[in-house]
Amino acid sequence: MERGTDYNRMDIDELNRQYQALQEKYEGFKSRGMSLDMSRGKPCPEQLELSRGMLDILSSEDSLKAMDGTDCLNYGGIDGIPEAKQLFAQMLEVGASEILVGGNSSLTMMHDALSRAMLHGVYGSATPWGKLPKVKLLCPSPGYDRHFAICELLGIEMIAVDMLPDGPDMDAVERLVREDDSIKGIWCVPKYSNPEGITYSDETVDRLAGMKTKASDFRIMWDDAYTVHHLTTKPDRLKNILEACKKAGNPDRAFIFASTSKITFPSAGVAVLASSEANLNFIRKQLSVQTIGPDKINQLRHVRFLQNMDVLQAHMEKHAAIIKPKFDIVLNKLESELGGKNIASWIKPNGGYFLSLNTLDGCAKEVVRLAAEAGVTLTKAGATYPYGSDPRDRNIRIAPTFPSAEELETAIDVLCVCVQLASIKKVLAS
Ligand code: PMP
């Protein structure tokens, strides 16, 4: 594929000519009156169809008893049915006694974990976090906007830390947590991260597990949302954080979260929390005041449908067959339209739901505005940073799964024209 010319090396006349040609293209898109939404990472309708059979898997004639005799129609089973614990223990490579199976949303579990910490502290806390003058969480950025929204809601101060190609900037993380006891935790999307699609290296996992923290009740919010969501036959491997924490002598440091939202249904999935038995015992006590038990019918449905890791992986391959071509559309278009022009960079992910595009500094907001005017809604610029503020105004999250291939082609065409228009303006101005 022929690559473009570096915009920084073009003379002013050339840049102006290029701008005019792009502006015409842009007006053409605008006149089509499109309405395309690329803002959220949702499975597309074909993906949802893959799990439709799960809805028929239980019948009113079944006894609906779990393997330990628990009647799934009745109250009880505060932390999930044993067969669901077994399945998710395999998925997350932890022991069945280290799993708590909950309702439909891991985001709820994350929100509740931090709410409990604010109200009551975590296992081993001397003081509830909310009674301290300040509580801070490290936020590797770009990151997941809904994590940041939880912190804002609960009054937890966020400190952005740069993401590097193998995870958060660990030199900065180690320095910060060593010196400040109001830093109580860190958000992590360790595999196929949202939005960059990168996976933490073994060294990063070990450093997170072993680092010296001034807060004795420091927690890693390990959001393993995309643990089985591979796009290639050579998936990334993520080192086991619970094991690493145990080995480092910090057995209670990690809360692992995951769900089947993007395995079965976002509306009716099953969410899990994996952690040390001490942490889970502490949480179970509070949970038993909050509920008399989760939706065990849905847990049973999931276990009967997904069965074991072989069946689950085969199911995930069907997802990949639908969404991998969409990632390819985006990557090929970015390369053909923006490659070589020295105005944008991106990483090719091996899994997950997102890609992220870095424009020239100061261009992301303008690109998102231009795209919106042409009928393409992107995730708000800045959303991938705490407080919605990207210090370099350059990161744009791309969510390719929901639109059809045809819509995606057009949306990325529009995006690429907008990136070029904003970049030329910036280069001309400087
Ligand atoms: N974590 C991450 C990193 C996500 O990207 C998403 C969905 N976009 C979620 C959590 C939401 O998970 P759930 O549906 O289980 O609440």
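The values are calculated or read from the model by the stated rules, or taken from the named source; none is laboratory data. Quick caveat, the model's predicted, so the values are computed rather than measured. With ideal geometry, Cβ positions are generated from the backbone for all residues, glycine too; neighbour counts draw on all protein chains shown.
Restricted to the stretch 71-81, and to residues there that are crowded, with 19+ Cβ neighbours inside 10 Å and at pLDDT 95 or above, the residue that is nearest to the ligand (Cβ to nearest atom) is GLY80.
Residues in the stretch 49-67 that are in a loop (DSSP other than H, G, I, E, B) and not polar (S, T, N, Q): LEU50, ILE57, LEU58, GLU61, ASP62, LEU64, ALA66, MET67.
As for the stretch 298-320, it holds no residue that is over 29 Å from TYR353 (Cβ atoms), assigned by TED's automatic domain parsing to the domain that holds THR70 and either within 13 Å of the ligand (Cβ to nearest atom) or not acidic (Asp, Glu) (or both). Within the stretch 96-117, take every residue that is of a type in the set (Gly, Ala, Ser) and out of contact with any helix residue (DSSP H, G or I) (no Cβ under 6 Å at 6 or more places or on another chain) and give me the one that is farthest from the ligand (Cβ to nearest atom). Among them, the one singled out is SER115.
In this structure, THR227 does not qualify as in contact with a Gly (Cβ under 7 Å, 6 or more places away or on another chain) and among the β-branched types (Val, Ile, Thr).
Taking the conditions (1) on the phi < 0 side of the Ramachandran plot; (2) out of contact with any helix residue (DSSP H, G or I) (no Cβ under 7 Å at 6 or more places or on another chain); (3) more than 16 Å from the ligand (Cβ to nearest atom) in turn, PRO251 satisfies each one other than (2). Each residue in the stretch 241-265 was checked for being part of a loop (DSSP other than H, G, I, E, B) and crowded, with 18+ Cβ neighbours inside 10 Å, and 9 pass. When residues in the stretch 99-140 are screened for being crowded, with 18+ Cβ neighbours inside 10 Å, small (Gly, Ala, Ser) and assigned to a helix (DSSP H, G or I), 3 of them pass. Checked against (1) surrounded by fewer than 19 Cβ atoms within 10 Å (Cβ to Cβ); (2) out of contact with any Lys or Arg (no Cβ under 7 Å at 6 or more places or on another chain), GLY143 meets all criteria but (1).
State all residues of the stretch 134-173 that are of a type outside the set (Lys, Arg), over 19 Å from the mean Cα position of the chain (by Cα) and under 18 Å from ASP217 (Cβ atoms); if no residue qualifies, say none. Matches in the stretch 134-173: VAL135, LEU154, GLY155, ILE156, GLU157, VAL173. Looking at SER59, SER39, just one residue is of a type outside the set (A, V, I, L, M) and not assigned by TED's automatic domain parsing to the domain that holds ILE424, and that residue is SER59.
Out of everything in the stretch 271-297 that is of a type in the set (Val, Ile, Thr) and touching a helix residue (DSSP H, G or I) at 6+ places or on another chain (Cβ under 8 Å), what residue ends up being nearest to the ligand (Cβ to nearest atom)? My answer is VAL272.
The listed residues are LYS184, LYS214, and the only one of them that is away from the ligand (no atom under 16 Å from the Cβ) and assigned to a loop (DSSP other than H, G, I, E, B) turns out to be LYS214. Restricting GLY33, GLY28 to those that are away from the ligand (no atom under 16 Å from the Cβ), within 19 Å of ALA374 (Cα to Cα) and either free of Cβ contacts under 8 Å to residues at least 40 places away in the same chain or of a type in the set (Val, Ile, Thr) (or both) reduces the list to GLY28.
Summed over the stretch 381-415, residues that are crowded, with 21+ Cβ neighbours inside 10 Å, of a type outside the set (Lys, Arg) and outside any loop (DSSP other than H, G, I, E, B) total 9. The residues of the stretch 266-276 that are buried (at least 24 other Cβ atoms within 10 Å of the Cβ) and not in a strand (DSSP E or B), listed by number, are VAL270, SER275. State yes or no: is ALA268 within 15 Å of the ligand (Cβ to nearest atom) and closer than 26 Å to HIS302 by Cβ? So ALA268 passes the test.
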